[in-house]
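The values are calculated or read from the model by the stated rules, or taken from the named source; none is laboratory data. Predicted, not measured: the structure shown is a model, and the values here were computed from it. No Cβ is skipped: glycine too gets one built from the backbone with ideal geometry, and neighbour counts run over all protein chains shown.
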Amino acid sequence: MTCHNEVIVGKSEDLRGYVTFTSLVREGCERGMELSDAVTEAVKYCEEQDILQPFLADNASEVANMLTTEFRLEDAIAVWKEEGIEEGIEIGREEGREEGREEGREEGREIGEFRVITLLESGMSLEEIKETLRLERERQ
């Protein structure tokens, strides 16, 4: 059993039992056990050694469930970051699409203006230019 404050732990049998239990779980994980297996092993050991009894006898499954499904802030932050990255990528794509559409419209206007100027310089009347552009659009 490892503890940072042996004096305080020594004054409470329940606290000493809790430190023993959590140390066993941590040591099991450090040996490569899955958390759920380490908890199960620690519960079994504590029952055999009369540690945290009768609490563990009455609540062993609740303790195991609580410890193996514990909320880990690091995991939550990682998920939030990933979701934020995905959302940012989607927003960036949509903004890029909109910019591309706007650039396309602008290029289209420039091409259209250039075509009208070219037709005017060729000597066509406005009516002839309108008809030519209408026919060109129909062919597309």
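With the structure loaded, tell me whether Glu62 is charged (D, E, K, R), modelled with pLDDT of 80 or more and assigned to a helix (DSSP H, G or I) or whether it fails that test.
Here the answer is no, as Glu62 does not meet what is asked.
Answer yes if at least one residue in region 100-123 is part of a loop (DSSP other than H, G, I, E, B) and either aromatic (Phe, Trp, Tyr) or not assigned by TED's automatic domain parsing to the domain that holds Ser12 (or both), and no otherwise. Don't jump to the end; show me each part of the working.
From region 100-123, those part of a loop (DSSP other than H, G, I, E, B) are 122-123; that's our starting set.
Keeping just the survivors that are either aromatic (Phe, Trp, Tyr) or not assigned by TED's automatic domain parsing to the domain that holds Ser12 (or both) gives 122-123.
Yes, the conditions are met somewhere in region 100-123.
Looking at Leu15, Leu120, Leu24, which is the one that is closer than 30 Å to Arg134 by Cα, surrounded by 11 or more Cβ atoms within 10 Å (Cβ to Cβ) and without any contact (Cβ under 8 Å) to a residue 24 or more places away in the chain?
Details: Leu15 fails: closer than 30 Å to Arg134 by Cα; Leu24 fails: closer than 30 Å to Arg134 by Cα.
Testing whether each residue is closer than 30 Å to Arg134 by Cα, surrounded by 11 or more Cβ atoms within 10 Å (Cβ to Cβ) and without any contact (Cβ under 8 Å) to a residue 24 or more places away in the chain leaves just Leu120.
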